[in-house]
Amino acid sequence: MLCSPRILAIGGIWIAGALDTASGASVLQAQDIVDLPAEDSPLSPDFEPVYRIGSAQAATEWEEFIAIQGIGFDSAGNLYLLDGAGTDGGRRVVVVDATGRHVRDFGRVGEGPGEFQMATQLMVWADGRSLVSDRLRGYHVFSPDGQFEYTAQESGGFMVMARTGLRPERTGSPTALVRDERSILRMDLSSAEVGDGVLVQGWTPRQGTELPPVFDFEELLETVGEEWGFEPEVLFDATPVGGVAFSDSSAYAIKLTDASGAISHILRRPIRPLPVTERMERAERERRLEQEGGRQFTQRGGDPPPQVRAMMDRYLEAQRAGVENMQFHSEVPVIAAVRVTWEGSLWVERSTEPGTSGPGAIDVLAPDGRYVGTFHEGRLEMPDAFGPDGLVACAEADEFDVPVITVRRLSPEVR
């Protein structure tokens, strides 16, 4: 098993009638719809171990990790880890080479240039430049040798914005992809002022409530009070040619774009979404209410002023009320995750039945759209990072809840 199983939030699949496409091979043309085979062809999840670092029995101080909050490879096979936990988030970035030997640490908690206040995400470009996303300060950009270069920020009105879910582009430019509601944005992070533009506009499954152009707290409360269960997310990853692979509906349909965002191919499998039952609705509402019950605002430097605290409490109350009155889509989306390997293959994780623990089946599609095979449900978890030459990394925890990072090498057919 590549990574140990973890709980998935949503799931559910049914296999539809088989198509006469047993080989799965198709010649791709511009804007082709490619129908892939109905039956799964099993793949082996046994891959070559490369190295393992961390755990409560760590031999050296540098690999005594607290919590891995971000992970990524560069083109030389070096692995970067954002380590740290608590209110301060990440406290340092650890770099190891392709054999697991320690290269350097950089970054630290503080208020100076390149220092972290609430670092929660790491992104690594192919050339070794890296970015640490800080909720309180923006995006810290570091050179390949770990030297601080600049902090990039985008205007968020009265507060600093730091987006989550960043995906590095491997085009040689310091750009990234990120989801914003139903859109996928391309972010230019080459200077202290962040620029962005819509690369892809995903399908909208319902008429949503848009945020006002000028911040209005009362209108914001109305927006957060509308909650939907089993809504298909926009799931995506960057491709090596500058485009994106994404899913935006409940069906099994992976859309591929070129560097301009134009859709060139749609890859489909005849797997139907699982209908949502009343039992699923009750379980999902209970899960979300439990999640909301543990949510709270935190602020460095003590309690916020009373008027700010009152706004925070009203915001949380609106969220809880929205969950209590949650509406539901009629189907559970087939796809749970979409990732792209360093060489360009697609790894598509299928959902499991709601409430089921363990990872879903993972389909592997070649860069040219061919169906390669499937890792069966429960056998393999999606890697946390893909690297060059088939390297993949998984961050897990040992019996003492101490982080362990395992790096393996994929077989050539699934890279």
Residue-ordered couplings for the stretch 370-381, obtained by feeding phi - 60° into the Karplus form 6.51 cos²θ - 1.76 cosθ + 1.60 and rounding to whole Hz (Gly and Pro as x), are 5, 6, 9, x, 9, 7, 5, 3, x, 8, 8, 9
Please compute the per residue accessible area over the stretch 257-411 with all protein chains in place, 1.4 Å probe, rounded to a whole number of Å².
44
Label-zone membership for the stretch 368-387, site Glu48, 7 angstrom Cα→C-beta point, backbone N under 15 Å
387
So how far apart, in nm, are the two label points at Glu64 and Ser41 if each is 7 Å from Cα heading toward Cβ?
5.0
Provide the gained length on full extension for the span Val103 to Ser411, in nm with one decimal, where the gain is 0.36 nm per separating residue minus the Cα-Cα distance.
108.2 nm
Place a point 7 Å from the Cα of Arg309 in the direction of its beta carbon; the residues of the stretch 98-139 whose amide N falls under 13 Å from it are none
Which percent of the accessible area of the stretch 101-185 is formed by carbon and sulfur heavy atoms (probe 1.4 angstrom)?
46
With a ≥ b ≥ c the root eigenvalues of the C-alpha gyration tensor of the stretch 56-150, is it rounded (a/c under 1.5), prolate (a/b larger than b/c) or oblate?
oblate
About the Cα centre of the stretch 84-148, what is the dipole size in debye to 20, counting +1 per Lys and Arg Cβ and -1 per Asp and Glu Cβ, all else neutral?
100
With every protein chain present, what is the per residue accessible area of the stretch 88-173 (1.4 Å probe, Å²)?
43
Given labels modelled 7 Å from the Cα in the Cβ direction, how far is it in nm from Thr171 to Arg287?
3.6
Report the one residue of Gln117, Pro205, Met187 whose Cα lies farthest in the direction of the positive end of the charge dipole of the stretch 101-208 (charges on C-beta: Lys and Arg +1, Asp and Glu -1; origin at the Cα centre).
Pro205
Counting only protein heavy atoms and using a 1.4 Å probe, what share of the accessible area of the stretch 263-415 belongs to carbon plus sulfur, as a whole percent?
45
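The values are calculated or read from the model by the stated rules, or taken from the named source; none is laboratory data. Computed from a prediction, not measured in an experiment: that's the story for all the values here. Backbone-built Cβ (ideal geometry, glycine too); neighbour counts: all protein chains shown. Surface accessibility is based on the protein's heavy atoms, side chains included, excluding ligands, DNA and RNA. Shrake-Rupley method; radii C 1.70, N 1.55, O 1.52, S 1.80 Å.
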